[in-house]
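Colleague: Dropping the structure in here first, questions after.
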2 protein chains.
Amino acid sequence: MTGSPFTLVAASSECAARCGEVATLHGAVKTPVFMPVGTQATVKGVTPEDLGTLGAQIILGNTYHLFIRPGHELIREFGGLHGFMHWDRPILTDSGGFQIFSLQELAKISEQGAEFRSHLDGKKLFLSPEDAVHVQEALGADIMMVLDTCIPYPADREEAGKATALTNRWAGRCREARSDTGQLLFGIVQGGMYSDLRRQAAEELVDIGFDGYALGGLSVGEPKELMLEMLGETVPFLPSDYPVYLMGVGTPEDLVEGVYRGVDMFDCVMPTRNARNGMLFTSSGRLVIKNSRYRDDHRPVDEQCNCYTCRHYSRAYLRHLFQSRELLACQLNSIHNLHYYCSLMADIRAAISEDRFADFRKAFYRQRELKS
Amino acid sequence: MTGSPFTLVAASSECAARCGEVATLHGAVKTPVFMPVGTQATVKGVTPEDLGTLGAQIILGNTYHLFIRPGHELIREFGGLHGFMHWDRPILTDSGGFQIFSLQELAKISEQGAEFRSHLDGKKLFLSPEDAVHVQEALGADIMMVLDTCIPYPADREEAGKATALTNRWAGRCREARSDTGQLLFGIVQGGMYSDLRRQAAEELVDIGFDGYALGGLSVGEPKELMLEMLGETVPFLPSDYPVYLMGVGTPEDLVEGVYRGVDMFDCVMPTRNARNGMLFTSSGRLVIKNSRYRDDHRPVDEQCNCYTCRHYSRAYLRHLFQSRELLACQLNSIHNLHYYCSLMADIRAAISEDRFADFRKAFYRQRELKS
């Protein structure tokens, strides 16, 4: 560690929202930022050039998936994920913890690490905290995440406490295992829905010392209010001169609320997954493209949007593609939804820079109410 | 009809190969040309911009599919296929005959036209020769095709003769039904595998008078030699100052042989369909990307290719995408295969222009033998 990679650029005078930059080996990332998810070394349905055009600054790769296919050693040979997938901007990789946790009965967690079976062929595999770091180093991630254990919702206090303590012991081992590559390593604050556990976890991780701090185990089924409560009661205990990352979140509303509470970084499969299911995000809310009301609708998805899809295609055409199960439906819908997320973040950054984020937040909700 | 849309630019001194231009409402098409197939108002897996970049001059739409979904009247409202799908170069539409024929027991052919049931919802529909023209006029096709009846292979002489005669009566009705829109209308020479029937059909169609002439009912299961024989025995009876189109063909070898025998235009789903199945065309033959030998192959699909896919991605990455069933596999493979087809045609045009097509043809086969 050679100090924080984070530089503060602007801060709201009314809430915890802030603008900054995170310095990485592949350049600086302006925050608050949304990171499109590229699980298997590709963001589903779009090319790296599409991502650049729509304003993606950094993407996420999934260590679990890449570890089991095609394997991190193969990817290392190709110059890491950047060379393998033809993307020259920053990449963050998760640690695999969340995916392994999702395997449920296929996974066995011990002090040593996570034993699990591949969802592809059932092969028995093992990932220790040290392995997780070494795999991510091989992947060439600009930002690596510590291996963590996830806590289901609901979970009793004892279970949450044990899992959080294990996550923090693993965090220490990850910190020790990292090499001097210039790749950043973020800690992950667990603690379930217990704010005192989260606070304690945050303090312990800060003592170990990371390049940034993530909030894990949120948006796992708990009520929205509870997620926001946990956020509000954890962020204040993280060092304000380091980046804060809310993992796996979320809806456009979640991004606005996260920023309001001091979050700098977000990732979620929602824009791409919903695109493939025909659900499009617009400035006035959601639009389900297969709806028959769009059959002969000449308008673009969102008249306020200037993405490639909205510049060239009507709702009627997008509906036709979706009904016809055409590949282009996925491509055009994904471009639109990712553009929506990335421009929302650009608008948020502009609002914070001009210290009008609180107004921006109000207008964001008002527009949805008016048009829905 | 106001004379032929075809202008001869160059002709081989050794065979029937020739270069020309076909003038359409959306500009001139340099021939010989390959037309990517955009069945449902999209060429599967690529954007119109991709098509432009890889050198597609003209694409094909399928009247049958567009007639049943989303409907030609809807497409007319959007400025025809061009406006609907955001493509400003020429479009050729087939007449629907081949698809209706493929429905087999769902279709009933009478003197009036084709009665059939939609493969989507079983709804009973009817298409007369006049309807086929009016639908294609609504679609805004630059080149329309007459409604034809297809002849299975094998077919006895009587069956082939009857179907061919009906096709030609329908051709006359299509010719009468067309409006004065400037859209071109091509006749289709049937005749099964009987060269005298094909010759007679060609002569009758020429008497009616079309803007171009297509060979239908080839590559329907007959031996390759028989297809080439039919080609060789039909093209000479078509007027040399009009474009000649071989429908639904074919492999790269078929294109070379078709050009050799005087064909100007081709279309086929092969490059896009094979792309989705992981079969890639290269200057030295075919490559099945899922093969484990490509697991860590750093080379592009084809070292002689300068398409987007070959410029940026390794075989190993493409294999990974294919194995992972990622959308990007379809996109990148389709771009490569379509680029292969379009550049093959560009190379053929250059060879004919410089009167070295016979040599080109020899080298084309030699390269495949050497590297296979």
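Colleague: Can you tell me which of B:Gly97, B:Gly61, B:Gly71 is among the small types (Gly, Ala, Ser), surrounded by 23 or more Cβ atoms within 10 Å (Cβ to Cβ) and farther than 28 Å from A:Thr53 by Cβ? Give the derivation first.
Modeller: Details: B:Gly61 fails: farther than 28 Å from A:Thr53 by Cβ; B:Gly71 fails: surrounded by 23 or more Cβ atoms within 10 Å (Cβ to Cβ).
The conditions single out B:Gly97.
Colleague: Do any helices (runs of 4 or more DSSP H) entirely within segment A:259-372 hold 2 or more residues that are under 17 Å from the mean Cα position of the chain (by Cα) and within 14 Å of chain B (Cβ to nearest Cβ), and if so, which? Lay out the reasoning, then the answer.
Modeller: Values: elements: A:270-276, A:308-312, A:315-323, A:327-353, A:357-371.
Helices (runs of 4 or more DSSP H) meeting the threshold: A:270-276, A:327-353.
Colleague: How many of the residues making up segment A:58-84 are charged (D, E, K, R) and more than 9 Å from every other protein chain (Cβ to nearest Cβ)? Talk me through it step by step, then tell me what you get.
Modeller: Just the residues of segment A:58-84 that are charged (D, E, K, R), to begin with: A:69, A:73, A:76-77.
Add one more test, that the residue is more than 9 Å from every other protein chain (Cβ to nearest Cβ), and what stays is A:73, A:76.
Residues in segment A:58-84 being charged (D, E, K, R) and more than 9 Å from every other protein chain (Cβ to nearest Cβ): 2 in total.
Colleague: Regarding segment A:10-31, can at least one residue be identified that is touching a residue at least 12 places away in the same chain (Cβ under 8 Å), closer than 13 Å to A:Trp87 by Cα and assigned to a strand (DSSP E or B)?
Modeller: Scanning segment A:10-31, I find at least one residue that is touching a residue at least 12 places away in the same chain (Cβ under 8 Å), closer than 13 Å to A:Trp87 by Cα and assigned to a strand (DSSP E or B), so the answer is yes.
Colleague: Still on this structure: Here is a check on your reading of the model: is A:Pro236 out of contact with any strand residue (DSSP E or B) (no Cβ under 8 Å at 6 or more places or on another chain) and part of a helix (DSSP H, G or I)? I'd like the intermediate steps shown before the answer.
Modeller: Details: out of contact with any strand residue (DSSP E or B) (no Cβ under 8 Å at 6 or more places or on another chain): yes; part of a helix (DSSP H, G or I): yes.
Answer is yes for this residue.
Table: residues versus (1) in contact with an Asp or Glu (Cβ under 9 Å, 6 or more places away or on another chain); (2) hydrophobic (A, V, I, L, M, F, W, C).
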residue: B:Ser284; (1), (2): yes, no
residue: B:Asn291; (1), (2): no, no
residue: B:Cys305; (1), (2): no, yes
residue: B:Phe322; (1), (2): no, yes
residue: B:Leu327; (1), (2): no, yes
residue: B:Asn333; (1), (2): no, no
residue: B:Lys362; (1), (2): no, no
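Colleague: Give A:Arg319, A:Arg311, A:Arg276 a once-over and let me know the one that is without any contact (Cβ under 8 Å) to a residue 40 or more places away in the chain and more than 20 Å from A:Ala346 (Cβ to Cβ). Outline the logic, then answer.
Modeller: Details: A:Arg311 fails: more than 20 Å from A:Ala346 (Cβ to Cβ); A:Arg276 fails: without any contact (Cβ under 8 Å) to a residue 40 or more places away in the chain.
Just one listed residue meets the conditions, A:Arg319.
Colleague: Next question, about the same structure. Give B:Asp254, B:Asp241, B:Asp207, B:Asp196 a once-over and let me know the one that is within 15 Å of the chain's Cα centre (by Cα) and of a type in the set (D, E, K, R).
Modeller: Working: B:Asp241 fails: within 15 Å of the chain's Cα centre (by Cα); B:Asp207 fails: within 15 Å of the chain's Cα centre (by Cα); B:Asp196 fails: within 15 Å of the chain's Cα centre (by Cα).
Checking each option against the conditions leaves just B:Asp254.
Colleague: Considering only residues of segment A:37-57 that are charged (D, E, K, R) and at the interface with another protein chain (Cβ under 9 Å from one of its Cβ atoms), which is surrounded by the fewest Cβ atoms within 10 Å (Cβ to Cβ)? Before you say what the answer is, go through the steps one by one.
Modeller: Going residue by residue through segment A:37-57, those that are charged (D, E, K, R) are A:44, A:49-50.
Those left that are additionally at the interface with another protein chain (Cβ under 9 Å from one of its Cβ atoms): A:44, A:49.
Working: A:Lys44: 20, A:Glu49: 12.
Checking each candidate, the answer is A:Glu49.
Colleague: Tally the residues that are surrounded by fewer than 15 Cβ atoms within 10 Å (Cβ to Cβ), within 18 Å of B:Gln40 (Cα to Cα) and touching a strand residue (DSSP E or B) at 6+ places or on another chain (Cβ under 7 Å), restricting the search to segment B:111-164.
Modeller: Residues flagged as surrounded by fewer than 15 Cβ atoms within 10 Å (Cβ to Cβ), within 18 Å of B:Gln40 (Cα to Cα) and touching a strand residue (DSSP E or B) at 6+ places or on another chain (Cβ under 7 Å) within segment B:111-164 amount to 0.
Colleague: Select from segment B:25-50 the residues that are within 20 Å of A:Ile335 (Cα to Cα) and among the small types (Gly, Ala, Ser) and list them in ascending order. Lay out the reasoning, then the answer.
Modeller: Pass one, segment B:25-50, residues within 20 Å of A:Ile335 (Cα to Cα): B:41-50.
Matches in segment B:25-50: B:Ala41, B:Gly45.
Colleague: Got a sec? Which of B:Leu103, B:Leu147 is of a type outside the set (Phe, Trp, Tyr) and within 25 Å of B:Ser179 (Cβ to Cβ)?
Modeller: Details: B:Leu103 fails: within 25 Å of B:Ser179 (Cβ to Cβ).
Result: B:Leu147 is the single residue among B:Leu103, B:Leu147 that is of a type outside the set (Phe, Trp, Tyr) and within 25 Å of B:Ser179 (Cβ to Cβ).
Colleague: Which of the residues belonging to segment A:121-143 are among the acidic types (Asp, Glu) and either without any contact (Cβ under 8 Å) to a residue 24 or more places away in the chain or on the phi > 0 side of the Ramachandran plot (or both)?
Modeller: A:Asp121, A:Asp131
Colleague: Here is a follow-up. I'm checking my understanding of the structure. Among residues of segment A:58-79 that are assigned to a loop (DSSP other than H, G, I, E, B) and touching a Ser or Thr at 6+ places or on another chain (Cβ under 9 Å), which one is nearest to A:Asp148 (Cα to Cα)?
Modeller: A:Asn62
Colleague: In addition: Scan segment B:291-308 and tell me whether some residue there is in contact with a Ser or Thr (Cβ under 7 Å, 6 or more places away or on another chain), of a type in the set (A, V, I, L, M, F, W, C), buried (at least 22 other Cβ atoms within 10 Å of the Cβ) and under 27 Å from B:Ala155 (Cβ atoms).
Modeller: The answer is no, given that none of the residues of segment B:291-308 is in contact with a Ser or Thr (Cβ under 7 Å, 6 or more places away or on another chain), of a type in the set (A, V, I, L, M, F, W, C), buried (at least 22 other Cβ atoms within 10 Å of the Cβ) and under 27 Å from B:Ala155 (Cβ atoms).
Colleague: I'd like to verify a number: residues in segment B:98-110 that are in contact with a strand residue (DSSP E or B) (Cβ under 8 Å, 6 or more places away or on another chain) and in contact (Cβ under 8 Å) with a residue 60 or more places away in the chain, how many?
Modeller: Residues flagged as in contact with a strand residue (DSSP E or B) (Cβ under 8 Å, 6 or more places away or on another chain) and in contact (Cβ under 8 Å) with a residue 60 or more places away in the chain within segment B:98-110 amount to 0.
No lab work stands behind these numbers, since they all come straight from the coordinates. Bear in mind the structure is a predicted one, so any value in this text is a computation, not a measurement. Neighbour counts run over all protein chains shown; Cβ positions are idealised from the backbone, glycine included.
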